Amino acid sequence: MSKKSVLVYGRLTDDQLATLARDFDVTHFSGTDLANDPAFHKALQGAHGLVGASLAITPDLLDMAPRLEAIASVSVGVDNYPVEELTRRGILLCNTPDVLTETTADTGFLLIMATARRAVELAEFIKRGDWEAGIGEAQFGSDVHGKTLGMVGFGRIGAAIARRGALGFGMKILYSNASPKPELEAELGAERRELDALLAEADFVCVTVPLTAATEKLIGAREFSLMKPSGIFVNIARGKVVDEPALIAALETGEIKAAGLDVFEQEPLPSESPLPHMKNVVALPHIGSATTETRNAMAQRAVDNITLALKGQRPINLVNADTWSKP
Ligand code: DGY
């Protein structure tokens, strides 16, 4: 019997590729514009599985892949996939939660610290040779410890950031979330708020909600106007959860103090964006989960998911559970 075909378009280690190749006929793509790559289109015709990330899978691409059974995304976010359409076609969609939670939370806290203590701006100050005398008020930052951290979204990653804040920095934790989280309230003393109240009360507002139709542009001009002028905004979720021009305006006018951003409306960030050039912004190139250990673990989880799915076994992380009818 011929092997099923798997197209890989994300970074897997050589060992992971070799593992996959034991069971499947593997083709590795490394181009940056796969959606318009004729070789990729041709390979889709015979593909049973896809493994990768950062490629928007459209219904048009799915039409080119009549044999497709499963996709293993090397990401926790699934905003690049038409989930309902995949379910309708009976195509399994898998992701990589859990293995990236702590690393992504580290990035969230890095942004909280770096913005509050102006770490990037003041490192640049030294590099320019501007450190000529003792530093004074012009270089002062804000405390993190003891402040109020407002989590917009309180899933696994949000909870891990809040844990760092509450247990490591003595922060008061507020959260807004569709459902209450009594276990985290007990563990961290977290208090649930409506979004508007959280924005008004928090010193740090940290967004961790997934991007869905309901969360697109969740934070816009009205929401920034509710934040304290000393408030710091952190986004490690998805850029499209925020109205980016409204964020830029709030930072320019001093409506909020600073922002730490790992994600942007358009990625890679267009060169004309003012955000990385603003003194009160710490901008990172979507590195939430980008450590060697965690990216290897995510890739391994994707390999495990696709292997199980294409062998007819339930994958570890099945996003569209409605596709699974087996007992
Ligand atoms: C994720 O896993 O969703 C990260 O944001 C990387 O895309």
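When Ile256, Ile126 are compared by accessible surface with a 1.4 Å probe, the order from highest to lowest is Ile126, Ile256.
Glu201 contributes about 60 Å² of solvent-accessible surface, heavy atoms of the protein only, 1.4 Å probe.
If you restrict to DSSP beta bridges whose two residues both lie in the chain, what percentage is antiparallel, to the nearest 5? If we restrict to bridges inside the chain, about 5 percent are antiparallel. With Rh defined as the Kirkwood radius, the inverse of the mean 1/r over Cα pairs, the Rg/Rh of the chain is 1.02. Of the whole protein surface, Ile135 contributes about 90 Å² of accessible area at a 1.4 Å probe radius.
Averaging the sequence gap over all C-alpha pairs within less than 8 Å and six or more residues apart, then dividing by the number of residues, gives the chain a relative contact order of 19 percent. Pairs of alpha-carbon atoms within less than 8 angstrom and 6+ residues apart define the contacts here; what relative contact order does the stretch 149-258 have, in percent? Relative contact order for the stretch 149-258 comes out at 25 percent. Ranked from largest to smallest solvent-accessible area, with a 1.4 Å probe on the protein heavy atoms, Asp143, Asp15, Asp304, Asp262 come out as Asp15, Asp143, Asp304, Asp262. Residues Ser225, Ser176, Ser271, sorted by accessible area with the largest first, give Ser271, Ser225, Ser176 [1.4 Å probe; ligands and nucleic acids excluded]. Spatially, the stretch 76-114 and the stretch 21-63 are offset by 20 Å when compared through their Cα centroids. Averaging 1/r over each pair of different alpha-carbon atoms in the stretch 96-171 and inverting the result gives 14.1 Å, the Kirkwood hydrodynamic radius.
Each of the peptides 39-52, 22-35, 77-90 was scored by the mean count of other Cβ atoms within 10 Å over its residues; in descending order, highest first, they stand as 39-52, 77-90, 22-35. Ignoring lysines fewer than eight residues from Lys127 along the same chain, the ones with Cα atoms less than 23 angstrom from its Cα are Lys279.
Within straight-line reach of Lys240, meaning a Cα separation under 15 Å, sit the following aspartates and glutamates at least 8 residues removed in sequence or on another chain: Asp79, Glu216, Glu223, Asp262, Glu265, Glu267.
For the stretch 181-303, the square roots a ≥ b ≥ c of the C-alpha gyration tensor eigenvalues yield an a/c of 1.5 or more together with a/b not exceeding b/c, which makes the shape oblate. Note on Lys4: lysines with a C-alpha under 29 Å away, same-chain residues under 8 apart excluded, are Lys42, Lys311, Lys326.
Remark: relative contact order (the stretch 106-191) = 26 percent; criterion is Cα-Cα distance under 8 angstrom and separation of 6 or more residues. Other residues whose C-beta falls under 9 angstrom from the C-beta of Met171 contribute a net charge of +2, scoring Lys and Arg +1 and Asp and Glu -1.
The values are calculated or read from the model by the stated rules, or taken from the named source; none is laboratory data. Everything quoted here is computed from the prediction, not taken from an experiment. As a convention, Cβ positions derive from the backbone with ideal geometry for all residues, glycine included, and neighbour counts pool all protein chains shown. Note: areas computed on protein heavy atoms with side chains; ligands, DNA, RNA excluded. Shrake-Rupley method; radii C 1.70, N 1.55, O 1.52, S 1.80 Å.
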